[in-house]
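Student: Sharing a structure here in C-alpha cells format.
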C-alpha cells in the first residue's frame, strides 16, 4: 500500500462492503449512491440560493434576509452527508507512512483497529448529536427558523458514517476483525479502570487528546477522524463537559457562510476542467511558448497560476493542469517525473493566489480580512513563480509543440475558448480582491458562468456530466470541510486546556528575546512541519488562531503573517517524504514518489530560499494591500 491512502482501507472506488452481489451489498451501494445524489442536490440548491441572493442584493437592491442562514443550513447537510459518502468510498485524506514502517504482520490488525476507531467516533458523534437535537427543540435561529434545522443533518450524516464505518470494520478476516476489536476494547477498559482505581492520579483529558492524535496518525487513520477521535477522548474524559458539546463544536466548525466558498470554487474548477476551458487555455499556451527553452515547465507554472484563481483547491488545480500537460509531456518525450515535480512545486507557488481555499480558511480562523489576504498573496506568488521559472529555464529544453497534441484545434476557436476562460479568471480575481462582493458570492457567480459557458460556448456539458460533477464536488467539499469541523472540536479542547495561553506565553517570550523576525521564521518552520504531517487545513486551523495574535503583539502585520504561513504550510504539504500533496500529485500524474522526490529537491530548495526572502521583506506581501487601502 502506498504512503498516500484515503483511509485505512485500500482505495476501492466502491462501497466497501459486504459483497456487492449480496442483497446487503446492493442495498449499501444504493444507500451510498442516494446519499451522493442528495449531497449533489444540496450543493446545487446552495448555489441557487446564494446566486439568487446576489441578484436581489446587487441588481434589485432588495436583500433576501433569510438567504445566508438557509445557505449555511444547507452547508451542514453538504458537509456531513458528503463526508459519509467519502468514507463509504474510502477517499478521506490520510497518511499511512508511519504504519508502513512497522512489521508487516502488524499492519492488517492496525488497519482494522483504525476502522473500529472510525466506527466508534462516528457512533459517538451520532449519539452526541441526538442529545444536541433534543436540546435544540424549543430554540430558534436568529431569523426565527427552528433550532433543530441544523442538527438533523448532523444526526443523519453521522448515522450514515456509522453504518459505513462498521461495514469497513467487519469486512475481512474474522480473526483480525475480532482481534483488533478486542485490542481496542482492552486499551479503553484499561484507561477506564485506571481512572476508577487510581482517582488521585487519573489519565488527564489533555494527555488522552495528545495520545489519540499521535496514535491516530500512527494507525493511518484519515486526518479528519484523527482530529475527531482525539477531541472525543478529551470530551469523554472531561467531567465538566456534557457529551452534547462534542457534536455542538463539530457542527460549529461548518456553520459559517464564508466557508461555502470552498465547495463553490471546487465545483467551478471541476466545471472548467470538464467544459474544455482548461484544455483550450493550455493548448494555446503550448502553441505560444512551447518552443521556448523550458517552455513546457513555464506553461505548467502559468497554467497552475491561472487555474488556482478558479478552483481554489490544490488537488483540483493539479488535476486540471496535470490532466492536459502530462499527456503532452509523454508525447514530446519529456521526463514525466520532472514534470510531476514541477507540478507539485507550482502548487506550492499557487497557495496564495486568490481564491485559494487555504487562504479563506486562514482568514476565517485567524480573523484576518480574506480580501486583504487575497491581495497580499498575489505578489509573493509572482515572486515564487519567477523563481521556479528561472530554474525551469536553466534545466529545461525546447520541445516541438506539434507533437504535444494528437489533435490540434483550429486557432480561431482556440483563441475564443481561451478568452472565455480568461474572462472567468479575471472576473473571479476582480471580484474577490475588490471587496465589492464576498468570496462566497463570487464563487457562486463562477459556478453559474462555468455552467453557461459549458453549455453555450463549448457545448461539452450534458445533464449527466453536470450531475456527476456536482456529486464529485460535493464529495470533495465534504472531505475538506469535515476536517475543518473536526479541527473545530480540537481547537475547543485546546482552549479548555489553556494550550493557547501556554503557547502564547512561550512564543511571546521567544519573540521578545529574539525579535519578531525570528518569531516569524519559527512560525514558518512550525507550519512546514505540521503542514506535512497534518495536511493543510488542520495545520492552519490549529495554529492560525494561536500564532496570529502573538504576531500582532510583536508588530507583525497579520496580512504578511497569514501569507507566509500559508506558503510555509504548502511547502510542507508537498515536500517529500511525508507531504500528502506530493502523494496526491503522483497519483494524479501516474508517477512514483520515490522517482519524483529527487528532481523536486531543486525546486524545494528554491522555494525555501524564496520563502525566507518573503519573510524578511514584508513589502512583497504588503505592497498591493497598502496601494488599495487594505
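Student: Give me the angle, in degrees from 0 to 90, between the Cα long axis of helix 370-395 and the longest principal axis of the Cα atoms of the chain, rounded to the nearest 10.
Tutor: Result, in degrees: 60.
Student: If you don't mind, there's one more thing I want to ask. Spin-label point model (7 Å from Cα, Cβ direction): what's the residue 200 to residue 331 distance in nm?
Tutor: 7.8
Student: Same structure, new question: Expressed as a whole percent, how much of the Cα-Cα distance distribution for segment 230-284 exceeds 12 Å?
Tutor: Result for the distance tail: 74 percent.
Student: Over all alpha-carbon pairs in the chain, figure out the percentage whose distance exceeds 46 Å.
Tutor: So the portion of pairs separated by more than 46 Å is 13 percent.
Student: I would also like to ask the following. Which whole-number percent gives the relative contact order of segment 4-255, counting Cα pairs below 8 Å spaced six or more residues apart?
Tutor: On the way: 349 pairs, mean separation 68.2, N = 252.
Computed over segment 4-255, the figure is 27 percent.
Student: How big, in percent, is the set of alpha carbon pairs in segment 4-255 lying more than 35 Å apart?
Tutor: 22
Student: Another question, if that's okay. Grab the Cα-Cα distance for residue 495 and residue 617, subtract it from 0.36 nm times how many residues apart they are, and report the gain in nm with one decimal.
Tutor: Working: separation 122, 0.36 × 122 = 43.92 nm, distance 3.29 nm.
Result: 40.6 nm gained on full extension.
Student: At 7 Å along Cα-to-Cβ for each site, give me the label-to-label distance between residue 52 and residue 517 in nm.
Tutor: 5.6
Student: If you don't mind, there's one more thing I want to ask. Go ahead and run the numbers for FRET between residue 553 and residue 30, Cβ-Cβ distance against an R0 of 56 Å, rounding to 0.05.
Tutor: 0.50
Student: For the chain, take the longest principal axis of its alpha carbons; what is the angle in degrees between that and the long axis of helix 499-514, to the nearest 10 within 0 to 90?
Tutor: Approximately 50 degrees, to the nearest 10.
Student: Now a separate question. What percent of all Cα-Cα pairs in segment 23-97 falls in each 5 Å bin, counting up from 0?
Tutor: 3, 15, 18, 16, 13, 11, 9, 6, 4, 2, 1
Student: Let me ask you something else. Based on the Cβ-Cβ distance of residue 171 and residue 218, what FRET efficiency does E = 1/(1 + (r/R0)^6) give at R0 = 25 Å, to the nearest 0.05?
Tutor: That pair, residue 171 with residue 218, gives E of 0.70.
Student: Once the convex hull of the alpha carbons of segment 130-207 is built, what does its volume come to per residue, in cubic angstrom? Mind showing how you got there, number by number?
Tutor: Values: hull volume 11.9 nm³, N = 78.
Each residue corresponds to 152 Å³ of Cα convex hull volume.
Student: When the Kirkwood hydrodynamic radius is evaluated over all pairs of different C-alpha atoms of segment 193-267, what value in angstrom, to one decimal, is obtained?
Tutor: 14.3
Student: Most exposed first by the Cβ proxy, i.e. fewest other Cβ within 10 Å, how do 626, 129, 488 rank?
Tutor: 626, 488, 129
Student: Output the 0 to 90 degree angle, nearest 10, between the alpha-carbon long axis of helix 261-274 and the longest principal axis computed from the alpha carbons of the chain.
Tutor: So the inclination is approximately 50 degrees.
Student: Hey, with R₀ at 22 Å, roughly what FRET efficiency would residue 188 and residue 255 work out to, going by the Cβ-Cβ distance, to 0.05?
Tutor: My answer for the efficiency is 0.10.
Student: Provide Rg over Rh for segment 237-378; use the alpha carbon set for both Rg and the Kirkwood Rh (inverse mean inverse pair distance). Don't skip to the end; give the middle numbers.
Tutor: Values: Rg = 19.0 Å, Rh = 16.8 Å.
When Rh is taken as the Kirkwood radius, the ratio is 1.13.
Student: Order the peptides 565-575, 238-248, 442-452, 512-522 from the highest to the lowest mean number of other Cβ atoms within 10 Å of their residues.
Tutor: Order by mean packing, descending: 565-575, 442-452, 238-248, 512-522.
Student: Starting from the Cα-Cα distance between residue 462 and residue 525, subtract it from 0.36 nm times their residue separation and give me the gain in nm to one decimal.
Tutor: 18.0 nm
Bear in mind that the values in this text are calculations on the coordinates, not laboratory data. This is a predicted model, so every value here is computed, not measured. All Cβ positions, glycine included, derive from the backbone under ideal geometry; neighbour counts span all protein chains shown.
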